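*Asks:* Please see the structure below; I have some questions.
The values are calculated or read from the model by the stated rules, or taken from the named source; none is laboratory data. Keep in mind it's a predicted model, so treat the numbers as computed, not measured. For neighbour counting, all protein chains shown are included, and Cβ atoms are generated from backbone atoms with ideal geometry for every residue, glycine included. Please note that ligands, DNA and RNA were not included when accessible areas were found on the heavy atoms of the full protein model with its side chains. Shrake-Rupley method; radii C 1.70, N 1.55, O 1.52, S 1.80 Å.
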Amino acid sequence: MALLLLLSGCANSTGTKNSSAEKNEKVEGQPKQGGELTYALATSPDSLDPHRSGLAVAVRAFRTIFDSLVVQEPDNSIKPWLANEWTVSEDGKSYTFKLREDVTFHDGTPFNAEAVKYSFDRIIEPKTQARNSVALLRPYESSEVLDEFTIKINLSTPSSAFLSNLSQAMLGIVSPTAAEKYGDQFGKNPVGTGPYKFVSWTENADIVVEKNNDYQWGPSIVENKEAPYLDRITFKIIPEEATRIGSVQSGQILAAETVPPQNIVSLKNDPKNQLLQVNTIGLPYTLFFNQRKEPWNDVRARKAVQFAVDVEAIVKTLYLNTYSRAWSPLTPGILGYDKSLENSNSVDLDKANELLDELGYVKGKEGIRVKDGRQLTLNYVDGTPNREKRNDIAVIIQQQLKKIGIKVEINITKDIASIVQQNADYDLYGNSQVNSDPNALRAFYHTTTPQEEATIKRLGGGSNPELDQLLEEGTVELDPAKRADIYKKVQQKIIDEAWIIPIYVFPYTVAATKTVNGIKFDPLGYPLFNDVTIK
Amino acid sequence: MAFANKILLKISTALVSILGSLILVFFIIYLLPGDPVLSMLDPATATPEMVENLRKELGLNQPFYVQFTEYFTNVLHGDFGQSLVNSEPVLPKILEHFPATLALTIASAVLSVGIGVTFGVLSAIYRNKGIDFIARLIGLFGISMPTFWSGILLILIFSIYLNWFPAMGSDGWATLVLPSLSLGFVGAGLIIRMVRNSMLEVINEQFIITLRAKGLSERVVMYRHALRNALIPAITIIGLNIGELMAGTVVIETVFSRQGIGRIVADAIMAKDLPVIQGVVFFSAIVYVIVNFLVDLSYAIIDPRVRRSH
């Protein structure tokens, strides 16, 4: 479970050189101080308010400004951060945290139990219009301030994902003074306790943060627990990938995220630059069958597609072997990931054809199957303008399914809200999610209560009482080993019933000049800048 | 008097155009497919009450005419609403980003007029000579190269390999060079063709022959008399061209990671941020109307006949 997978540009030889250089630095006891890191983001953050943003790119910027109560280690264990220690009540419904007493926010506001209560109450307050953070905080009910540095958090139902969720940046602790002062403009004036202080955000140009000299509460996943070495970080917003990567290669900026596959290959052999790559965890990019529609409500139809889609070929062709293929509804590295699913199915067009024959679909003109006068068509919906070449996946699948007589209609639209979630007007739709806990499966696969079903439809729409039961057990089971077993069963069930086709695990990639050292990643794949030095 | 009337007429047409575009902009919300409220909320967490509250907050539950009157009065007071993404007021956002777009548009316009008129005139005077072919080649390139492609090409050559100019950003003159070149060439291509054709026409007119016969130097004949007449149709093109340049900034600002209203509208379209889309489109419409008004006025200054005829 090597999640802090730091693939340096050149293989082992330079790797050892780097570590010996680091050792020398440590002997002298002084990593190089100062300097400015310029780091290009691929898209513009929507807000730097951790509670109101829903975008991964925003987290990359505001993780420098905000700390969390706890931190998740690469082995999925939870360690202290702003909270020193905690106890969980026997019924699993209340958590009592002892907080650090030496922490202050960037604006001088003291960090204490009130600040934690303020942050969490702010997330569930509908006026805040919190996005992803609400889902992470649930089943939060209330907080009680026991004394200045002790807080008791009450949940409505036990949740074994709760601690892990608390480690996420979207549940970072905000300065109550600043949040009150700026109101809905807090996202443009963020104040936290993090290693860097917010300086400025010029829209569509850059976000600047500077060293927090008072910082001394770094989490266990970084080496430098004190103030960062860098003076400042400038996050440049450069959407055009040729410009972004070119700027690093020509030395105009020091690092850039989201490297396209063709550049990954060339950067690995570039003497001046390095490539950092880490797989994100959560739900991989997955195609969901809409089981509310015929014939996809029949497992045989779904299996037929599963047998006909050559995922291996897709990943090889589009990502030149730089992305790994997904096999399960979960990504590797997350608690309970079922490795036994790997290499579990292979392409078999004969079986696929047999299954469709069984269903009564007969090949008609142009080789498209027909039943009761209607052609077998699959409405493939994609919501992104070719993010990570997702539209190209659709085109390849269109070709592959033609071989077994399925006609694929591709619909690229941003209007996922009404087409997919409101009207469920699709047969196959792809989605992915970064998450630290397998409980994320629940939102995608658990049969929801009828009133929720009325407004927002779950992806897939399949229903299986046994699976529901397992997902509920997984949420409350406290023993990690037992939880892992539960989620293994969940994954097998979803794959056995062919609810989905998992496609790829998204690697977060960073191109940087060789002068940059010490960029690390948290278990979710977000960059950490506490240890960064510039030669 | 007649001239004043003419200007009054022009001003009122301009106002009607602005009002028309305001109505069109308002209708964007009805023409776009999908529900803006749903796209603002995270479907995984939104409850029906949240959807309803937001609808109320945005006034989308009001009857159509109430919404329009409200929008109209707000716009008159300079209030274009708030961004749905980060609650920022729209007008200050546009005003903050407009200078960068204006600088890019002006720089590209100057480049395209400079290159366009110079090569247009030269290629007409030296028709079928070497310079004519070069000018026509530049014109062809300008018209046929898409800006995102020429932009990336310029970045590759002048920024990454030669390292002469920065590849991105919008502070300082240096960052203006590559994007305005890439955008300016498109306009230059059109202007070269236009100026060349109208110069050729004018050169063969009777009055030029008369001027030459009177013994005026070739230089005075060409630049004082012929060019002045040839510029009238070219100015129309330049006026239209400024509109095209503003549209071109959407692509160019993204390629060169510049600030500007083109970038804002591109982002807003992706995020379905309707108030911002409406604001930028309306704002651009006003700018476009003003530019056209100024172009019309400039005819009168360059060509006295326009002033007198009515």
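*Asks:* For region A:108-136, list residues with backbone N below 19 Å from a point placed 7 Å from the Cα of A:S156 toward its Cβ?
*Replies:* Output list for this probe position: A:120-136.
*Asks:* Once all Cα-Cα distances of region A:305-433 are split into 5 Å bins that start at 0, what whole-number percent is in each one?
*Replies:* In whole percents, the pair-distance histogram is 2, 10, 16, 19, 19, 17, 12, 4, 1, 0.
*Asks:* Can you list the lysines whose alpha carbon is less than 21 Å from that of A:K98, not counting same-chain residues fewer than 8 positions off?
*Replies:* List returned: A:K79, A:K117, A:K152, A:K225.
*Asks:* Among bridges DSSP assigns within the protein assembly as shown, what percent are antiparallel (round to 5)? Could the numbers behind the result be given before it?
*Replies:* On the way: 62 of 78 bridges.
That works out to approximately 80 percent antiparallel.
*Asks:* Please list, short to long, the whole-number percent of alpha-carbon pairs of chain A in consecutive 10 angstrom bins beginning at zero.
*Replies:* In order of increasing distance, the bins hold 4, 17, 27, 26, 17, 7, 2, 0 percent.
*Asks:* Also, I was wondering about something else. Compute the distance in nm between two label points, each set 7 Å from the Cα along the Cα-to-Cβ direction, one at B:L91 and one at B:L24.
*Replies:* Once both label points are built, they end up 2.2 nm from each other.
*Asks:* In Å², and per residue, what accessible area does the protein assembly as shown have when probed at 1.4 Å with the other protein chains present?
*Replies:* 43 Å²
*Asks:* Using +1 on the beta carbon of Lys and Arg, -1 on that of Asp and Glu, and nothing else charged, what's the dipole of chain B about the Cα centre, debye to 20? Write out the running numbers ahead of the final one.
*Replies:* Numbers: 21 positive and 20 negative charges, 404 e Å.
About 1940 debye.
*Asks:* If you filter region A:36-81 for trypsin sites (Lys or Arg not before Pro), then keep DSSP loop positions with at most 10 other Cβ within 10 Å, what is left? If you can, show how the numbers build up before the last one.
*Replies:* Values: sites: A:R52, A:R60, A:R63; in loops: A:R52, A:R63.
Loop-located and lightly packed - none at all.
*Asks:* Can I ask one more? Give me the base-10 log of I(q)/I(0) for region A:151-266 at each q in 0.16 Å⁻¹, Debye formula, one uniform scatterer per Cα, rounded to two decimals.
*Replies:* -1.04
*Asks:* On to the next question. With r defined as the distance between the Cβ atoms of A:D298 and A:K365 and R0 fixed at 25 Å, what FRET efficiency is calculated, to the nearest 0.05? Could the numbers behind the result be given before it?
*Replies:* Numbers: r = 24 Å, r/R0 = 0.97.
That pair, A:D298 with A:K365, gives E of 0.55.
*Asks:* To the nearest 0.05, how large is the calculated FRET efficiency for B:L216 and A:K407 if R₀ is 51 Å and r is the Cβ-Cβ distance?
*Replies:* Details: r = 74 Å, r/R0 = 1.45.
About 0.10, to the nearest 0.05.
*Asks:* Multiplying the sequence separation of A:N343 and A:L478 by 0.36 nm and subtracting their Cα-Cα distance, what value in nm do you get? Please report the intermediate quantities before stating the final value.
*Replies:* Numbers: separation 135, 0.36 × 135 = 48.60 nm, distance 3.05 nm.
Roughly 45.5 nm would be gained on extension.
*Asks:* What net charge is computed for the residues neighbouring A:I393, neighbours being all others with C-beta under 14 Å from the C-beta of A:I393, Lys and Arg scored +1, Asp and Glu -1?
*Replies:* Once all neighbours under 14 Å are counted, the net charge is 0.
*Asks:* Going by alpha carbons, how many degrees (0 to 90, nearest 10) lie between the helix axis of A:299-308 and the longest principal axis of chain A?
*Replies:* So the helix axis and the longest Cα principal axis differ by about 80 degrees.
*Asks:* Report which residues of region A:243-266 become buried by 40 Å² or more of accessible surface when going from the isolated chain to the complete set of protein chains (1.4 Å probe; DNA, RNA and ligands ignored).
*Replies:* Listed by number, the residues meeting the 40 Å² cut-off are A:T243, A:S250, A:Q252.
*Asks:* Taking Cα pairs under 8 Å and at least six residues apart, what relative contact order does chain A come out at, in percent? Don't jump to the answer; show the numbers that get you there.
*Replies:* On the way: 1145 pairs, mean separation 107.6, N = 535.
Relative contact order of chain A: 20 percent.
*Asks:* Using Cα pairs under 8 angstrom and six or more residues apart, how large is the relative contact order of region A:386-506, in percent? Write out the running numbers ahead of the final one.
*Replies:* Working: 72 pairs, mean separation 20.2, N = 121.
After rounding, I find 17 percent.
*Asks:* Using a probe radius of 1.4 Å on protein heavy atoms only, what is the accessible area buried between chains A and B, both sides summed, to the nearest 100 Å²?
*Replies:* Working: alone 22540 and 17280 Å², together 36580 Å².
Separately minus together, A and B give about 3200 Å² buried.
*Asks:* Taking all pairs of different Cα atoms in region B:67-164, averaging 1/r and flipping that mean, what Kirkwood radius in angstroms comes out?
*Replies:* Numbers: mean 1/r = 0.0565 Å⁻¹.
Evaluated on region B:67-164, it is 17.7 Å.
*Asks:* So which residues in region A:406-436 end up with at least 40 square angstrom less accessible surface once the other protein chains are there, compared with the chain by itself, probe 1.4 angstrom?
*Replies:* Residues of region A:406-436 that lose at least 40 Å² of accessible area once the other chains are added: A:K414, A:D415, A:A417.
*Asks:* Note down the relative contact order for chain B as a percent, whole number, built from C-alpha pairs under 8 angstrom at least six residues apart. Intermediate results must be reported in sequence, preceding the final value.
*Replies:* Details: 342 pairs, mean separation 78.0, N = 310.
With pairs under 8 Å counted, the relative contact order is 25 percent.
*Asks:* Could you work out what % of the accessible surface of the protein assembly as shown is carbon and sulfur, using a 1.4 angstrom probe and leaving DNA, RNA and ligands out of the count?
*Replies:* Values: 21030 of 36580 Å².
Carbon and sulfur together cover 57 percent of it.
*Asks:* Would you mind computing, in nm to one decimal, how far apart the modelled labels at A:Q30 and A:L320 are, each placed 7 Å from Cα along Cα→Cβ?
*Replies:* If labels sit at A:Q30 and A:L320, their model points lie 4.3 nm apart.
*Asks:* Tally Lys and Arg at +1 and Asp and Glu at -1 over the other residues with C-beta under 12 Å from the C-beta of A:E354: what net charge comes out?
*Replies:* On the way: positive: A:R300, A:K303, A:K351; negative: A:D348, A:D350, A:D357, A:E358.
With Lys, Arg at +1 and Asp, Glu at -1, the net is -1.
*Asks:* For region B:95-196, which trypsin sites (Lys or Arg not before Pro) are both in a DSSP coil and crowded by at most 14 other Cβ atoms within 10 Å?
*Replies:* Answer in residue order: B:R127, B:K129.
*Asks:* Just to confirm the number: angle between the C-alpha axis of helix A:465-476 and the first principal axis of chain A, 0 to 90 degrees, nearest 10?
*Replies:* 10 degrees
*Asks:* Of B:S257, B:S284, B:S217, which has the largest mean-square fluctuation in a 10 Å C-alpha GNM of chain B?
*Replies:* Looking only at B:S257, B:S284, B:S217, the largest GNM fluctuation is found for B:S217.
*Asks:* Take B:F3 and A:A313, extend 7 Å from each Cα along the Cα→Cβ direction, and tell me the distance between the two endpoints in nm.
*Replies:* 7.5 nm
*Asks:* Let me ask something else. Relative to the first principal axis of the alpha-carbon coordinates of chain B, what is the inclination of helix B:274-302, with its axis defined by its Cα atoms, in degrees from 0 to 90 and to the nearest 10?
*Replies:* Computed tilt is about 20 degrees.
*Asks:* While we're on this one: Anything over 32 Å Cα to Cα? Flag those among A:K181/A:K211; A:K365/B:K272; A:K339/A:K403; A:K268/B:K93; A:K316/A:K488, in the order listed. Don't jump to the answer; show the numbers that get you there.
*Replies:* Details: A:K181/A:K211 23 Å; A:K365/B:K272 41 Å; A:K339/A:K403 30 Å; A:K268/B:K93 41 Å; A:K316/A:K488 27 Å.
From A:K181/A:K211; A:K365/B:K272; A:K339/A:K403; A:K268/B:K93; A:K316/A:K488, over 32 Å: A:K365/B:K272; A:K268/B:K93.
*Asks:* At 222 nm, what helix-only mean residue ellipticity would chain A give, in deg cm²/dmol to the nearest 500, using -39500 (n - 2.57) for each DSSP H run of four or more?
*Replies:* Working: 16 runs with 154 residues, N = 535.
It comes out at -8500 deg cm²/dmol, rounded to the nearest 500.
*Asks:* Counting helices only, and only those DSSP H runs with n ≥ 4, report the 222 nm mean residue ellipticity of chain B as the sum of -39,500 (n - 2.57) divided by its residues, in deg cm²/dmol to the nearest 500. Walk me through the numbers before you get to the answer.
*Replies:* Values: 13 runs with 229 residues, N = 310.
So the helix-based figure for chain B works out to -25000 deg cm²/dmol.
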